[in-house]
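Everything on this sheet refers to the single structure shown next.
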Amino acid sequence: MAEDSAQDKDLPASQKRKQQAREKGQVARSRDLTSSLLLLGVAAVVSTAGGWFFSMGRDLLHTGLTVSALACQDPAAMLQAAGKVLTLGLMVLLPLLLLTFVASAAGGVAMGGWVFSTEALAPDFSRLDPVTGIQRMFSLHGLGELGKALLKALVIGVIAAIVLWNQRGALLGLLQVEPALAQVQLGQIAAKAFLWMAAGTMLVAAVDVPWQLFQMNQKLKMSRQDMQDEMRESEGNPQIKQKIRALQRERARKRMMAAVPKADVVVTNPTHYAVALAYKEGKNRAPVVLALGADRVAARIREIAAEHDVPVVEAPPLARALFHHAELEQEIPVALYNAVALLLAYVFQLRAAPQLAQAPSDWAIPAEFAVNA
């Protein structure tokens, strides 16, 4: 069978397919949402801890540039100086790395929840194929990503330019104030710039998030063949199940026919329906349905009844009511007790005195159980 084309995949993804995609790490993600959250975090850090970063950066620069000539001749002293510089560098970078991790995790959780998949960590050497890479680059998805990147760069550039232009006086004024005050003012300007850039990327993310969700739903769509294959995997082969159900129906029908000779009476429509009833005093609270059927099954019930001398009584209203409201191998509904009692009384009269037996003219079927022919 030929593989389904993309046009054939017009059915929404099943829950199982979505779960399998999550296990493979295939969930909707928006880089723009992560970028906007990261910029918000940077704005918050700069506005609250900008002075600390400035001090640590100054210490790092001072430590790196003040290595004595004597220390340069001593390997142990050089290692000690390098270790100090490395320690200061890590102290400066660690909050930024932590902020990046938190922003990435928050963006992922906001889009599709927390997903950890080892399959996503496995190397995919197909991505090293240059032909596939070029096709992906010039595909509709690649062009869309390029358009988003240009739009994001344009938005951030315009916002940054506006902020810098509005703060041009404050920036020039930094040259005339004390370094400590300049540090505070520069941090405020930077925080404001990051905040406005975050707001701009939020606008881009507001478009990108629905687009990523739509693309993921499109990617996970299934064809009718996919649906059938999934049902076959999860529930078994439909053809085999159909054969099993057919065998079960056949066995149930044979078991039902084998019970007809034990019936006390078969009530008919006279040809469309047939219902076999049995009542054992002291064993049953009410008559039990041993067999029921329509058309060909009804004809077979009548034949077996005739072969075993089971009385067959034509009572169309009662036969229709029993067929539509009674259950196989169950007692008859309470509402039909009176009608079936009249039927059994008539059958007992037939056995005792056939010449005196007279079929009831009214079977006393309740209105809610009456079924038109």
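A few points about this structure:
- Accessible area in square angstrom per residue, the range 212-305, 1.4 angstrom probe: 62
- In the range 156-215, the portion of solvent-accessible area held by carbon and sulfur atoms comes to 76 percent [1.4 Å probe, whole percent, DNA, RNA and ligands not counted].
- Pairwise Cα distances in the range 264-365 exceed 22 Å in 22 percent of cases.
- For the residue pairs LYS16/LYS219; LYS24/LYS221; LYS219/LYS241, alpha carbon separations beyond 20 Å are given by LYS219/LYS241.
- Over all orientations, the range 157-220 has a Cα convex hull whose mean projected area works out to 5.4 square nanometres.
- Under the criterion of Cα pairs below 8 Å and six or more residues apart, the relative contact order for the range 163-300 equals 12 percent.
- For the range 248-373, carbon and sulfur atoms together expose 50% of the accessible surface, with a 1.4 angstrom probe and every protein chain in place.
The values are calculated or read from the model by the stated rules, or taken from the named source; none is laboratory data. None of the values given here were measured: they were computed from a predicted structure. Ligands, DNA and RNA are excluded from the accessible area calculation, which covers all protein heavy atoms including side chains. Shrake-Rupley method; radii C 1.70, N 1.55, O 1.52, S 1.80 Å.
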